[in-house]
Structure formats: structure tokens, C-alpha cells
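A short reminder: the numbers here are calculations on the coordinates, not readings from a lab. This one's a predicted model, so the numbers in the text were calculated from it and none came from an experiment. Cβ coordinates were reconstructed from backbone atoms using ideal geometry, including for glycine residues, and neighbour counts include every protein chain displayed.
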Amino acid sequence: MPIIETQGLSYTYSPGTPYKKDAIKGISIKIEKGDFVGIIGHTGSGKSTLVQHLNGLLRPTSGKVLLNGRDIWENPKKIREVRFKVGLVFQYPEHQLFEETAYKDIAFGPSNMGLDGDEIDKRVRTAARFVGLKDELLEKSPFELSGGEKRRVAIAGVMAMQPEVLILDEPTAGLDPKGRDMILGQIAEYQKENGATVILVSHSMEDIARTTKKVLVMNKGSVAMFDETQIVFSRAEELQSIGLSVPAVTRIFMQLRGMGYNVGDNAYTVKQAVERLLPLLKREVGNND
């Protein structure tokens, strides 16, 4: 049984007005427990609207969202419980920090779950470790922290609830390359250690390519592709045809093939490129000796 499933999911903004817009249309997908799924699509493709349905922040105009086989809206009074199980980190989540200390901000979610003090403390410190926050930072005001540290506090606050599904909407937006790599590495470590289901929304093809196992491609409110990462990025020409860029490595491989080099199928990570190109370079060197 998939942990998350949507059945004919559709959502319309401002129905019955001149501003009516169908944001997502007839989406039916299944996400298995332990999956690491990336979601990509051009601006306005419906990515954020989709993930806001998965924990009940938006209610479908039509269709269903199932969590462990049950419609999350079958009892609207219990939608709060769904949000503990499906945690969502918004884009620029540091803008939502408000407590006196970083510790209290991370503890906010677990406290609302009614956990005792010892369990809350354990979860706060475990989550802080996952995102690389040192103990001395926990007692500081979040507003004294750097931008990257604030981002990690916000992510830790959702991780501390230990959701079955962790959704991150552009978690590296606005960070420098070092900060981006750090956040992505910590998310990957969290997913691996906990076996959690993680859904990552990103505009960065490189980030999606090197961290996720499956990719969901959105286009004009519908699903254009949903498959293993390698299969999706092997369809580079199709991605480009709907206005999406592909990883720089993939573009280089497409150019090499166009120049007549036998480099095989598209690569989408630097590691893959090295594995493909080294044998060719060795043969070239051998032929020139």
C-alpha cells in the first residue's frame, strides 16, 4: 500500500469568479513508503499547490488524497493529526520563526503533539543534530543566527515531529552553494537514517538529480512524467520541450553525442559522467600511444 496516493486530484483557485484558475487537474499518483521523490516543473506548473494538498493545507476541489489508504478529509476535525504525520517545510521557512530561542522554535511542533518534556528534549536535540546545529546555537534567538542557520532551525522544527512524510518546498532557495550542499546532505542523511518518505520540490535540476530516487514532472497543472530519476533525465529532449532545463552534465552529454562521440545515454550527475568518460579517455590515450 502506498503511503501517499492521490486519486483524480484537482484544485481550482477563485472558482465562480473572473479570476478562476485550474491549478492542478486530475492528478493520480502513488508514493511508496521510504521513497525519495523530487518534484520539478516550471513556475506555475502546480508543484506547490500539489504538495499543500498532501498534508491538508488545501482541500481538493475534486478527487482524494489518501494517507496509508485513508482519505485525509474523511474526518475534517482530525486534519491536524494528518499534519503531524505529513510535515511540510515551506519555501523560506525562516520567515516563520517566532520563539525566543532556536530550541523553543524546534520544540513548538512536538509540544503541540502533547509529548512530555523528556521526549520533546530528545526530539529537539536529535533534529538539531540532523541539520548540523550545535548545542550552543539552540539557546540563541533565531534572529541572531545566519540565514543558513535559520533555515536549519525551521527544517529541524518539522523533523522534530518525526512525520511519516517530510515535504520540502524549495529548501535551498536563496542559499549559497555551500549552504545548499549542506542542507541537501542533511536531508539525505535524515531520509537514509530514518527510512522516511521525503518529497523535495526544487527548481534545481542538479539538486534533484543527485539526491532523489524518483522524479515527478509537473506541466500546466498535470503530471508530465513520474518515474525513476535516471529514466526521467534520460528524456532530456522532452523536458526541454516543456520549458525545463536539464542538469549541466546532461547538456554536455547531448552536445558530445551531437559531435559524434559515442558517450552512451544521457548522464545526469558528475559521478555518472566520470564513469562514462574515463574509459573513453583511456581508449583515446591508448590509441595515441
Explain nothing, just compute: Karplus ³J(HN,Hα) = 6.51 cos²θ - 1.76 cosθ + 1.60, θ = phi - 60°, for every residue of the range 139-144 in order, whole Hz, x for Gly and Pro.
8, 8, 5, x, 7, 8
Under 5 Å between amide H atoms, partner at least 5 residues away or on a different chain: which partners does LYS33 have, H built in plane at 1.01 Å?
ILE3
Taking the Cα centre of each part, how many Å lie between the range 196-242 and the range 64-100?
23 Å
When the chain is modelled as a GNM with alpha-carbon springs shorter than 10 Å, which of ALA107, ALA224, ALA156 fluctuates the most?
ALA224
Relative contact order for the chain: what percent, with Cα pairs under 8 Å and sequence separation of 6 or more?
21 percent
Length gained when the stretch GLU139-GLU99 is fully extended (0.36 nm per residue, less Cα-Cα span):
13.3 nm
Amide H of SER202: which non-local residues (sequence gap of 5 or more, or other chain) have their own amide H closer than 5 Å, using H built in the peptide plane?
ILE39, GLU170
If you take the Cα Rg of the range 173-221 and divide it by 2.2 N^0.38 Å, with N the number of residues, what do you get?
1.21
I need the shape label for the chain. Rule: rounded when a/c is under 1.5, else prolate if a/b > b/c, else oblate, with a, b, c from the alpha carbon gyration tensor.
oblate
Using the basic label-point model (7 angstrom from Cα toward the beta carbon), what is the LYS30 to LEU281 distance in nanometres?
4.3 nm
Enumerate by residue number the chymotrypsin sites (Phe, Trp or Tyr not before Pro) in the range 84-167 meeting two conditions: DSSP loop (anything except H, G, I, E, B), and at most 15 other Cβ atoms within 10 Å of the site's Cβ.
PHE98
Only bridges with both residues in the chain count here: give the DSSP antiparallel percent, nearest 5.
55 percent
At 7 Å along the Cα-to-beta-carbon direction for both SER222 and ARG257, put a label point, then send me their distance in nm to one decimal.
2.6 nm
Chain lengthening between SER241 and LYS85 when straightened (0.36 nm per residue, less Cα-Cα):
52.5 nm
Set LYS47/LYS192; LYS33/LYS78; LYS104/LYS214; LYS64/LYS213 screened for pairs whose C-alpha atoms are more than 30 Å apart:
LYS104/LYS214
